Every structure is written in structure tokens, then in C-alpha cells.
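Read the structure below first, then the notes.
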């Protein structure tokens, strides 16, 4: 009778209760069962590169079975030699809107020796947190969705949109096959919005919705001297020193105050809208205390807050290497010197264009630029030779907060959870550009994990409170207008 | 009778022949015996750090016995836990001048696997060269002296000066005990000139006399960022990057053309005299072809020749390290970055003064300079913190070519060997300043080994021709006015 009544309300578009309330009630009565199910899921090893071993596929099977148990058809989307993605669809006949929920079930590799609280695939609750690999990143949203579905079904809260799910199985190794999966299943994966349920809450422990992520591309810059190390006493005044040349070159790219000096580096940048600027201003500012915690005597950016700064691209010198320092140092003129950089890209700046600006800058300093190891003839032919070798990378994405679908997502989450922090761009990078490129749909990130979750590291954990709050968020989004 | 006649000539100050001729004649008749004796000497392992093992002391014993066999008293000069030095004296009653001959009997450590011609202490002649550890550096002059003494005695060529010998047993590990030995035996080691018989001939294969060597001091410069590596996406626009700061700092010290930009870096330098400049101009110029051999597309110093350039100090960036490059690179803002430098010092520039100029330069760029690892409170207290840690080092020496004793040495060597190359300062460094400081006597370097001797490396070798020529040089110096 209860069920039939729920069905009636659902059909009429009126639920017996709000989705958030349904999630809260269900959780209060079923904590034990929810955690038992989640522990079962967390017990399956999930390192994507273990493709040869059966573990990674067992995670996909577990998800398919979990949806089937709830009456929702799910299946693997496979390409050769890759962990399968999982697709599921909770159909709402007559719905005019489709919402896609994204998460990933694979996790980072582990350094067993460092897992002091428990082993990575033996979940354990300590002080209100579940410790396990992927407890937060990124099985948490999957479990929250499953429990939210149970709660909605029990309370008779039905989706108003057609609901799809896509779970990646190789995100932590940069999803090398996701492009192929998207291309092959473009129709199937069509939706009006993709909700990326991944990442952490705001550091203030408030929920947040993030509308973009930066792109990234890395490159190494190597400068050459003589074809062997030279005695610095005999040759130091006469032979060009590639380490010295490299520091001159790297110093010409960015100054001590953090300003990137490469011509046109920010050209094309799409500025934030008034509402995006207002959203940042309204977010709690926690970066002030970080400087002290990190033992920093100063910060860059003229006091502008970090959430604003990350809407600009940056050239980061991530590593230096030439001959040796410390006890291993020898009195030589090094033969080569290498600096490694990453560029964080923002909306409007393509990675190929950004790299070309770097190449032009290096040329402008008198270097002959090559992409492969130069031979002796090349080194003899030019006064200065630099090699620039870049790797993969991807562009930034940023969805406008002012789109109707963005407003709906904000309204749904705030309806269940109260005011949330709204961030235009996260400082880190997510390979979301491929989704935007192939599917041409808005992407919005809705994270539920605690920020202090030890993501990617040992003793990864999820606060139970975040799992319960995540259920409310997922229910609200599953039921959103 | 022949011997008595020789003695007569010697007493009268008139030899039957020149010292060089005596050496040539003796060699022609005794090559086999000379080589047999040298092979015996070269067969004794001589790595100074093997102090716990009996080998290094056996070299000293062998030298003492070799001099005794020739009627010249020799003995060990010992300090605790160090290879012994050997002192010998060939007395010339009534002589008003004392000449000291220096060499060292220890050799560089070996990488056995790389010795392809023969094992390091199994001397072997191949293509006119003796292959063995220390065949050139620096047992060669010792054997040349011993054979020259035989030749002189046989030909009745007696020294005109009192002759002393000093053989170091730990030169290849930077002679940590030589100061103590010199201080303890200051009277015994008194002489009018020290002849340093070490190093190679000129690259043109001509004999050379070198009147000085540069000093050297090394230091590491470390710049600090946050107390841990930070995610470059989240923090890259906000947290100071120590690698970026370091390249700015290092680039401010020297430019791409090799010009050192530290204020006062050359202040105090004692310029070359007219005769020193003329001597360099007269030396064969072989550096032109080096650039091509070393695959260099340019050289520093505005075309000035290398023998002139090394009379100026240089700051050499010998190594760089921060986080990682290449495949190991990660997208982080590094926590620290280190550059390692050596300064080559010339006459008139003290190492402490040179280091202080570096410290002042770093301070001038806004850094708080420390010498020990800074704690978190120090890092928080200053916008920029740099650590400068220096190691040992020593000053340059340069003896004027115009001194009467310098002219005598030149005349003696040229009398036996024809015109020689005269170099004011070698580019490399030798720890001779301690001799100058304690003994306050002129120091002159008279090398006999071939320049292509694989010194310090595997397959070290000495051309037989250089051993025979070295005998002539040593005889001429032993008999010099």
C-alpha cells in the first residue's frame, strides 16, 4: 500500500517527501546495510593497471550486479585491453531531460608498507572514517548513488529526468581508452548534462559545486653544452655551461613574483563572468592560514585569493636536473641540463598554442629548438640548442554558472544541503575536455568526499558524515527538475 | 777509473757531459733495467684510502729502498692514520741552494671492470705506452728521478745544489694531512724552490713549465618553498616555487656569454706581467680544434685563448637538482631547489672573500642567508631564504716567471729539452697554497706525462718517450745551477 501510494505521488510529480529527507530517513534506518554493501565493494582491489589480473573487472561486475538488484539495467562498455566502463540507465518514460552521472571505480596504486590504519582493500572504520583505497576517490559517490536510489524507491521519490550512469575503470591512469569508448557509444551516452561526481568538498567542509577544471600539459626543456662533461678548471672560462644557460632561459620565463613572462601567455583567456566572480567572493577564504601551515614566508598573486588565481594559466617549474649537487657534486661543466615544466591551462587557451608560445620564447632567446636528441652535427651548427619534448595533456573546461542547467543543479543540491560553495575552476586538472569535445554537453563537478581524505596517498579515508551527506546530494540530483 | 774521473769533473763543477746527454746515454744502455724497476713499483697497489690495508705503505717502503740503493738516505714522515710521506736528501756539501722535488706516489681509485688493456697494477706495454694505475700520475716523475740519479752518477754529473725529495702518499684524496706534515717538518723541508713534478705536458706534446695553479672552492645554494611538495594545479599560482626562484638567482650570477655578474668578483686579481703575457702568446694554440671535437657551436671569452682566460676567476654552475625531470617528473611545486657551484680562484683573490661576495649577492636579491638547514620558524619569518654551504677549498698560487730561480729552472729544462711552453696558470687546481703558506717559497710545476694519459680514469698510461724525456728533464733539474 505504501509503495502504491509512493508510485501515485511519483506519477503526479509530487513525492511524499523531499529527496534529501528520503535519503536521511533511509540512512537512519539502514546504516548497517549500507556500510556492509560498501565494505563489500571496497574489498575488491581496483588498481587499473592490474588489467591482467581479474580484480579490476570484478569491480565492474559488482556495479552491474548492484544496479540489477535495484531493477536498473547495467552493462559493461568494453574496448580491448582496457578495464571496462560500466553504463546503467534508470529510464523515466516521457522525460524530456537526461542527466548523466559520472564516477570512476578504479583507484591509485598503493604503497602497502605505508598503510598503517588498515590494508588498502580491508576497509575499517576508525574515528568516524572509513579507511580503504577509493573509500573517497572515487567509489564513495557510487555507493551514495546506490543508497540514494534505495531511499528514493522506498519513499516513492521518482526521477523527473531520464537518468544515466557512466563509471570509468581507468581514470587514475588518465583514461587512455575513454575517447574510444565515448566515440563508439556516442548515442548511448547522450545527455543534457554530465555530473562528474569526483573530488573533494571545499576545505571549509562545506559542499561545493565546481564548474570547471584546468587543463594541463607537461614538457621537458634540455639545453646542451659539450658532448661530454668537462673539467671546470681547464674549460670553465671557455666552454658554454648548459646549466648556466638553462637557468637564464628558465628565469626569462617567469619572475620571482610568479609573473609568467612568455609573450601572449594569457592571450585568449575567457574572463570570469560577474556571477562567477561573485561566487568566488562568497566562498569561505581558507587560504590565509595555509601559508603558515606550509611554512611560507610569502605568497604570490598580490594577495588575490587562490580561487581567483587559478582562473589564470601558470607555467610551473616542476623539476631541475644537471650533473650532481651535494656530496655527489663534481667540478665539471655539465654536458646537458634539463628543466621540467607543467602548464596549467584555463578556458580559452589551447595546449598546442600554449606550447608554441613557449617554443617561440625559447627561439627568441637565440636557441635552435629541436624535439629529438640532437646529434653532434646539429650541436656544432648552432650556438645554442634546446630540446623541447612534451607529453599528452588536455585542455581546460569551464561550464557557465548562468546556464539554466547549471542553475537547476545548484538549486537541487542547495535544496537538499543548504547553501553551497560555487567555484568556477578547480586549480587541479581533470581530463574532462575529451567529454566536452565528443559529447558537446555541459559538464559540472559535484564532489562529496572530505577534503582531508588522503586522496592518492596511503590511509585514504571517507568521513561517514560525508557518505551520508553524499546520499542526500545524489538523491536531490537524481530527482532534480 | 772512469768513476774517479767523473768524480773529478764533478768536484771541479765540470761534467764529462751535459745532464741531458748523460740521461740519454744511460737510457740507451739500460732501458730494460729501468723498465723492470718501474714495473716493480707500478705493481704495488696505491689507492690512498686503502690505509687499513698494507699496500699504500709498501709504496713508501719501496721508494725508501730505491733511494737507499743509490746511496741516498730516505725515510718516512708519518702522522697518525695517514699514508706516510717520504723524504730523501741528496746532500751537496757547501751548496748554497736547496732544490726540493715533489711528486706523489698514490693514485686514483679504480673501476676494475673498465680496465680493458691490463689490470691497474699489472703494468703492460702496448704500442709504446706503459699501461697501469699511476704510470703517468704520478709515479712517472719518481722513476724518472731515480733513473736520472743513476745516469748522473754513472756519468759523473753531480748536483750543484743540495737536493731534497718529498713524496706525498695521499694527494689523490686532497692531502688531508699534508699541512700537519709540513708544520711538523718545516725545517727539514726548507728549500729555495719546490718543483712540483706532476701533471701532463702541453697538448701539443711539447714540454711545459707551469708557474701556478688555480684555487678552488665549492658550495651549494639551496632555496626553499613550502615545507612539502605542493600540487602544482591547486597551488601553482599562489605558492612561491623554489626552483623558479633558484633559476632567477643563478641567472643573476652569470650570463649566457659566461660573464660573472657578482659585484667585485674579479677585485684583487693580480694581472699577468708582460713576460707572462708574452709566454702565453708564444705557446702553441690548440684550443681551436677542441670546439669541434667537443661538438660546441660556440665558445666563451670573445675569442681570447684559453691559457689567458684561466687567469681570471670563474663561477661554474656544476649541478642542479629539484624534484624530478623526465619520466619521473610529477606536477608539483618543489619544496626545495639546489644549485651546486665551484669557484676557480686566481692569484690575489682569497676564497673566503670570494664566498662572501656570493653571499652578499644573494642577500642583495632579497634573501635571508643561512648556513644550516632552516627550521619552519625561519622559513615563515622571511619572504626568501637561501642556504649556502661551502666545503674546504684552497687558494691559487702563481710564481713569477721573472724570479731568478724561475729563470734558472727554465734555463735548465730548455738546456736539456729545447724551447718549452711556459704557462702562468693552469686552469685546474692543485692544493699548493698550503705549501706556499707554510714554507713561503716559490713553487714551480714541471710535468713530464703525455697529455693523453687517461689520468684519473681507466687505462691510464705513459708514453715511453715521455719517460725517457722526463729522465732528461729530471737530470737537468737535479744538476741545475
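The values are calculated or read from the model by the stated rules, or taken from the named source; none is laboratory data. Keep in mind the model is a prediction, meaning the values are calculated, not measured. All Cβ positions, even for glycine, are placed from backbone atoms using ideal geometry, and neighbour counts span all protein chains on display.
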Out of all the residues in region B:367-386, is one or more away from chain A (no Cβ under 14 Å), under 30 Å from residue B:315 (Cβ atoms) and part of a loop (DSSP other than H, G, I, E, B)? yes
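A quick yes/no check of all residues on (1) more than 21 Å from residue A:222 (Cβ to Cβ); (2) in contact (Cβ under 8 Å) with a residue 24 or more places away in the chain; (3) in contact with a strand residue (DSSP E or B) (Cβ under 8 Å, 6 or more places away or on another chain):
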position: A:242; (1), (2), (3): no, yes, yes
position: A:245; (1), (2), (3): no, yes, yes
position: A:254; (1), (2), (3): no, yes, yes
position: A:259; (1), (2), (3): yes, no, no
position: A:274; (1), (2), (3): yes, no, no
position: A:287; (1), (2), (3): yes, no, no
position: A:301; (1), (2), (3): yes, yes, no
Based on this model, can you work out whether residue A:399 counts as out of contact with any strand residue (DSSP E or B) (no Cβ under 8 Å at 6 or more places or on another chain) and surrounded by 22 or more Cβ atoms within 10 Å (Cβ to Cβ)? no
Taking only region B:415-455 into account, find how many residues are more than 14 Å from chain A (Cβ to nearest Cβ) and in a strand (DSSP E or B). 5
Restricting to region B:233-254, give me the number of residues that are in a loop (DSSP other than H, G, I, E, B) and either over 46 Å from the mean Cα position of the chain (by Cα) or facing chain A (nearest Cβ under 7 Å) (or both). 6
For region B:121-134, check the following and say yes or no: at least one residue is assigned by TED's automatic domain parsing to the domain that holds residue B:457, modelled with pLDDT under 95 and touching a helix residue (DSSP H, G or I) at 6+ places or on another chain (Cβ under 8 Å). no
Suppose the filter is closer than 18 Å to residue A:325 by Cβ, in contact with a strand residue (DSSP E or B) (Cβ under 9 Å, 6 or more places away or on another chain) and at pLDDT below 95; does residue B:329 pass it? yes
How many of the residues making up region B:387-396 are within 12 Å of chain A (Cβ to nearest Cβ), within 14 Å of residue B:223 (Cα to Cα) and surrounded by 17 or more Cβ atoms within 10 Å (Cβ to Cβ)? 1
Out of B:29, B:73, B:48, B:65, I need the residue that is over 24 Å from residue B:91 (Cα atoms) and surrounded by fewer than 20 Cβ atoms within 10 Å (Cβ to Cβ). Which one? B:29
First in region A:135-163 and surrounded by fewer than 23 Cβ atoms within 10 Å (Cβ to Cβ), second anywhere and in a loop (DSSP other than H, G, I, E, B) and modelled with pLDDT under 95, Cβ under 7 Å, 6 or more apart: A:156/A:15; A:156/A:16; A:160/A:13; A:160/A:481
Could you list, in sequence order, all residues of region B:301-317 that are within 19 Å of the chain's Cα centre (by Cα) and facing chain A (nearest Cβ under 7 Å)? B:306, B:309, B:310, B:312, B:314, B:316
Any idea which of B:195, B:182, B:188 is more than 14 Å from every other protein chain (Cβ to nearest Cβ), in a helix (DSSP H, G or I) and on the phi < 0 side of the Ramachandran plot? B:182
Restricting region B:321-355 to residues that are within 7 Å of another protein chain (Cβ to nearest Cβ) and free of Cβ contacts under 8 Å to residues at least 24 places away in the same chain, the residue that is farthest from residue A:220 (Cα to Cα): B:321
What are the residues in region A:205-232 that are out of contact with any helix residue (DSSP H, G or I) (no Cβ under 9 Å at 6 or more places or on another chain), within 8 Å of chain B (Cβ to nearest Cβ) and part of a strand (DSSP E or B), if any? A:218, A:230, A:231
Taking residue B:270 as meeting all but one of (1) touching a residue at least 60 places away in the same chain (Cβ under 8 Å); (2) within 9 Å of another protein chain (Cβ to nearest Cβ); (3) surrounded by fewer than 18 Cβ atoms within 10 Å (Cβ to Cβ), write down the number of the exception. (2)
Considering only helices (runs of 4 or more DSSP H) wholly within region A:1-116, the ones with at least 2 residues that are modelled with pLDDT under 95 and in the same structural domain as residue A:167 (by TED's automatic domain parsing) are A:2-12, A:55-69
With the condition kept exactly as written, say whether any residue in region B:443-456 is surrounded by fewer than 17 Cβ atoms within 10 Å (Cβ to Cβ) and at pLDDT 95 or above. no
If you check every pair at least six apart or on different chains, which have Cβ atoms under 6 Å apart with a residue in region B:108-126 that is within 19 Å of residue B:173 (Cα to Cα) first and a residue that is part of a helix (DSSP H, G or I) second? B:108/B:172
Output yes when any residue across region B:415-423 is under 30 Å from residue B:224 (Cα atoms) and either surrounded by 17 or more Cβ atoms within 10 Å (Cβ to Cβ) or at pLDDT 95 or above (or both), and no when none is. no
Condition check: assigned by TED's automatic domain parsing to the domain that holds residue A:138, touching a helix residue (DSSP H, G or I) at 6+ places or on another chain (Cβ under 8 Å) and modelled with pLDDT of 95 or more. Does residue A:238 satisfy that? no
Which condition from (1) under 26 Å from the mean Cα position of the chain (by Cα); (2) assigned by TED's automatic domain parsing to the domain that holds residue A:233; (3) farther than 20 Å from residue A:225 by Cα is the one that residue A:285 breaks? (2)
Determine whether region A:412-427 contains at least one residue that is within 30 Å of residue A:122 (Cβ to Cβ) and in the same structural domain as residue A:176 (by TED's automatic domain parsing). no
